[in-house]
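Structure record follows, encoded as structure tokens.
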């Protein structure tokens, strides 16, 4: 098989039709005549993190709270290392995007006075099973937005220091698309599958985090030389055992506490209840032989149990199936919990592109929103909507008066050759799956995975870097016999680039304040001077170059003055 | 977690193939849909909900405690019925009204 090129042209190319990408497209369509292409790896109807649904909106300014209190919560949870300008501009828009998604058809629970019913200080209750079809239908209504499903974008087109489009191949026909655009918005989601998973065999994937988010957006940016931030702030989720279904629904829904095998509530022993501490405390209880750990649900009412069955069917059906299959629900059996493998995901923690306040990356013409944009943790669904809108407005402003760059034929031919080399010649010794397994084992053993209790040190990271580089070299010899296998190759290559950058960041942050998420055993002590900085990087000539940058305050307008 | 497609029930309409977020479903030589990469499935049930012929069974892998039960869904206007079938054939049904928000 050999691919052939096909040229497409648009004003704004959005890579990834998920949470942030769909809202970016809607914003552009509602405010301009600009032509938009959404290039989607699967099908917008059920692609990305929201495929199965979502059971609450976790970022909303409820009555009595303000964007400022939201900012304070995010700042405290991340021990101060956040881009306040980014978090605040998101927080200001959370309620507007919520209203918008409700108008599009999302069911949100209201009380008798017509107010949203909150779950805690920042969450509201919804029925989000069909949130993705709602977004897909909304996007489809706009004639200026073209959705191309089943296209795997592999690299940006960079000319004269600007991003002027992207290359991607179809999963259905032997075509390499050369898409030229005046501006590109990257909304590809984060990176799963870097580390060995809890159940590394048949059930390696689960309903969190989307395994099809393979870090493509990060990897394309890394290869293009964009500045990245805070990869070292990994996200490790505390989840229901095996199914990796969310625990917040149980913890907040029925007020279940975390207990160890003796029934002791252990969380408070480990400090203030932050996201990383909830996780870390569970790791420590297990390490000291007090596991398994549970959410204490025994004694909840039959009605509460029934409501939990429904809530999980609306977002993580495996958990309900597990309860029913076991013949024991949460009312009679506490729910065992465990930590996942680490992910790089900017919607939860701070990893991603280093953007200015308008969400422009350090390369002209490229914008980022959602899980790929760094510096602003705890975005969740509504934060990704808001950030998609901000990036859309900025991209629209940027394309005014821009004359589209015609992509270089020669570069497109070169790209075509590099794709086709995977499709030619006899199969090699290894498959993409072999490389993936090797990568996950290296990261698990040497870069703070589950089996080492998430901690690492400099010597280990050196080993990890060497091995990841070897695997990257080997990966260029991989062969594919069909387009799906070709996608598997690109996915593992992208993950390897993300791993290399991640290792550079883990090494560079010589402090420890996010237990489990980032625990450098060489530097356990606190040191504010080292801590209150951003660890950023650029990939130059095959090397991760680290730069440290200052924190940015709430009302600052951050611009890239040295890009 | 993964799915198994009952080729007796599958009519090859392709609705499930279109929506799979991992593009894991392909058409086989008989025009039916097959799960080509069962280990790559993350259990989102998007395909299950698209199928009007109850041909797709969603189950938990044995490595995560699966015991042979499976589930499928039936759409009825605003109602989504989830049917869980035990290995002995007995069924349990949970119905969700899509116009109602979650209690939690």
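When you go through A:376, A:332 one by one, which is the residue that is surrounded by fewer than 23 Cβ atoms within 10 Å (Cβ to Cβ) and not assigned by TED's automatic domain parsing to the domain that holds residue A:439?
The match here is A:332.
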Residue satisfying all of: in the range B:85-104; within 8 Å of another protein chain (Cβ to nearest Cβ) and in contact (Cβ under 8 Å) with a residue 12 or more places away in the chain; surrounded by the most Cβ atoms within 10 Å (Cβ to Cβ) among these: B:96
Residue A:74 vs. criteria more than 30 Å from residue A:178 (Cβ to Cβ), part of a helix (DSSP H, G or I) and under 22 Å from the mean Cα position of the chain (by Cα): yes
Would you check which residues across the range A:209-226 are surrounded by fewer than 24 Cβ atoms within 10 Å (Cβ to Cβ) and more than 9 Å from chain B (Cβ to nearest Cβ) and list them? A:222, A:223, A:224, A:225
Of all residues in the range A:206-231, count the ones that are assigned to a helix (DSSP H, G or I) and under 30 Å from residue B:66 (Cβ atoms). 0
Residues located in the range A:307-322, provided they are more than 8 Å from chain B (Cβ to nearest Cβ) and in a helix (DSSP H, G or I): A:312, A:319
Scanning the range A:239-252 for residues that are surrounded by fewer than 24 Cβ atoms within 10 Å (Cβ to Cβ), touching a helix residue (DSSP H, G or I) at 6+ places or on another chain (Cβ under 9 Å) and assigned to a helix (DSSP H, G or I) gives A:251
Identify all residues within the range A:158-198 that are modelled with pLDDT of 95 or more, within 14 Å of chain B (Cβ to nearest Cβ), within 22 Å of the chain's Cα centre (by Cα) and assigned to a loop (DSSP other than H, G, I, E, B); write none if there are none. A:188, A:189, A:192, A:193, A:196, A:197
For the range B:42-68, which residues satisfy the criterion of being surrounded by 21 or more Cβ atoms within 10 Å (Cβ to Cβ), in a loop (DSSP other than H, G, I, E, B) and more than 7 Å from chain A (Cβ to nearest Cβ)? B:51, B:55
Go through the range A:116-144 and report how many residues are in a loop (DSSP other than H, G, I, E, B) and more than 13 Å from every other protein chain (Cβ to nearest Cβ). 6
If you check A:299, A:271, which single one turns out to be away from chain B (no Cβ under 14 Å) and farther than 29 Å from residue A:79 by Cβ? A:299
Only one of (1) surrounded by 14 or more Cβ atoms within 10 Å (Cβ to Cβ); (2) within 11 Å of another protein chain (Cβ to nearest Cβ); (3) over 30 Å from residue A:437 (Cα atoms); (4) free of Cβ contacts under 8 Å to residues at least 24 places away in the same chain fails for residue B:74. Which number is that? (2)
Yes/no for residue A:107 being at pLDDT 95 or above, in contact with a strand residue (DSSP E or B) (Cβ under 9 Å, 6 or more places away or on another chain) and within 11 Å of chain B (Cβ to nearest Cβ): yes
Among A:491, A:511, A:519, A:507, the single one that is in a helix (DSSP H, G or I) and closer than 27 Å to residue A:280 by Cβ is A:507
Only one of these is closer than 30 Å to residue A:158 by Cα and touching a strand residue (DSSP E or B) at 6+ places or on another chain (Cβ under 9 Å): A:230, A:282, A:275. Name it. A:230
Answer with yes or no whether residue A:236 is within 14 Å of chain B (Cβ to nearest Cβ) and buried (at least 20 other Cβ atoms within 10 Å of the Cβ). no
Those residues of the range A:459-478 which are part of a helix (DSSP H, G or I) and touching a helix residue (DSSP H, G or I) at 6+ places or on another chain (Cβ under 6 Å), in sequence order: A:460, A:461, A:463, A:464, A:465, A:467, A:468, A:471, A:472, A:475
Is there a residue in the range B:23-32 that is in a loop (DSSP other than H, G, I, E, B), within 8 Å of another protein chain (Cβ to nearest Cβ) and either surrounded by 15 or more Cβ atoms within 10 Å (Cβ to Cβ) or free of Cβ contacts under 8 Å to residues at least 60 places away in the same chain (or both)? yes
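The values are calculated or read from the model by the stated rules, or taken from the named source; none is laboratory data. Not measured: the values here are computed from a predicted model. Note that we place each Cβ from the backbone using ideal geometry, even for glycine, and neighbour counts take in every protein chain shown.
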